[in-house]
Amino acid sequence: MKNFSIKVIGLLTIAFFASCSSDDDNILDTEKPEITINDPVEDEAFAVGGELHFDVDLSDNDALSSYKVDIHNNFDGHTHSGVLNSTVAIGTKQATTVSPWSYNETFQIEGTPQTYHAHEHIQIPAEIAEGPYHLGITVVDASGNENQVYVQVIIGEDHTGEEHGISITDIESEDVGRGSEMHAEAQVTAEHEISSISVGIHGHGLNPEDGEIKWTFDETYDDYSGTSAEFHEHIDIPENAALGEYHMTITVVDAEGNSHSEGVHFHITEANNNADAISFSELTVDEEVKAGEEMHVDTEIASEHGIENVEIHIHFEDGEGWSYEEDFTYEEETSIDFHKHIDVPADAAIGEYHLSIEVTDHDGNTASTDAHFNVVE
């Protein structure tokens, strides 16, 4: 009996410590990893076409997993918490080959160490817009906790504050649901003529859930010209883009290689799951319409929550051309036969156009439909 009691006590003791050990193993790690940037220092200058090197020490209480390097322009003076505006000149480079630089790459850390020394050399392209850039380091530990630090560097020369007769006004960018399409719009003028317009988008303080990404966007449009233009582009938002605040920078380069940028913030929200509360019949648009004549747009719109607003947008698909926007408001209608006659200007550029109709109901749900047509001589 005595030996049996000892065995029971021994088994209970083992079970107790095993339970404690299991509980310790299941403790959730919520501590963020730490970042120390040794180099570059704030406002350190690098040559266009040269190398940008950084030296960083990373540490974590448990185990490091990966780090990401993000470089994007800071031509509009943003601080990742607000928006300022500035002007940047590029110098004497050929404007047709110059656009703001962006770089984004993730590096895996093998062996899940608690400390890691990162030292990288990144080639700076030869034909990029000069000025201030943000270099961001994001580190992720084995539990998914992350931390992020930014430092500003100067690539080439910083011409902030110089005037070059470029302006970007009336920027429009509203909050948008992921998996949908955002409209980037602005009025642009350039005394020395427009060479290109670039759009850069990146997130601020995002915390992606499983399956989400920290979406970034960079594209240069070289089909705008003249001394003024109505910039209007449609940008697809990925369905798995992380929710939260994003910053969009629009940069205009003129024919002499000068540049000016303006920035705005917007939010990516949950997809509109109630879009099916609004329905359209088939959208009918004249396939071809002669410049100087009238085009017909027709569709039936229904919304169980009542139609509040209908917007029509038309823009040229190949650079600068005719554009058209008009809003229509409604009160109590739950269904309408939306039929409009739109005058096409006699000097409208010949070619393909994109027409979109966006409807908002009284509950704030939105839905859209679109079509293409051609303006002919």
key: Stretch gain in nm, segment residue 191-residue 223, where the contour uses 0.36 nm per residue and the Cα spacing is subtracted   = 9.8 nm
ask   = Once both labels are modelled 7 Å past Cα along the beta-carbon direction, what's the residue 122-residue 271 spacing in nm?
value = 3.2
remark   = Computed on Cα atoms, Rg of segment 323-377 relative to 2.2 N^0.38 Å comes out at 1.40
query = What does the convex hull of the alpha-carbon atoms of segment 275-376 project to on average, in nm²?
reply = 6.0
query = Which value in nm describes the separation of the simple spin-label points at residue 29 and residue 287, placed 7 Å from the Cα toward the beta carbon?
reply = 6.2
message = Can you tally the net charge around residue 119? Count Lys and Arg as +1, Asp and Glu as -1, for every other residue whose Cβ sits under 11 Å from the Cβ of residue 119.
response = -4
Euclidean distance between Cα centres, segment 258-311 to segment 325-363, Å = 7
remark   = Per the 1/(1 + (r/R0)^6) rule, R0 = 25 Å and r from the Cβ atoms of residue 157 and residue 245, FRET efficiency to 0.05 is 0.25
request  = Work out, step by step, the length gained on full extension between residue 332 and residue 55: first 0.36 nm times the residue separation, then minus their alpha carbon distance; give nm to one decimal.
outcome  = 93.4 nm
key: segment 34-269 - convex hull of the alpha-carbon atoms, volume per residue in Å³   = 110
note = So the FRET efficiency between residue 309 and residue 105, C-beta based with R0 = 41 Å and rounded to 0.05, is 0.45
request  = Calculate the spin-label point distance for residue 341 paired with residue 298, positioning each point 7 Å from the Cα along the beta-carbon direction, and give it in nanometres.
outcome  = 1.3
Sorted by Cβ neighbour density within 10 Å, fewest at the top, the residues 341, 134 = 341, 134
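Just so you know, all these numbers are worked out from the coordinates, no wet-lab data involved. Here the structure is a predicted model, which is why all the values come from computation and not from measurement. FYI the Cβ positions are ideal-geometry reconstructions off the backbone, even for glycines, and counts take in every protein chain you see.
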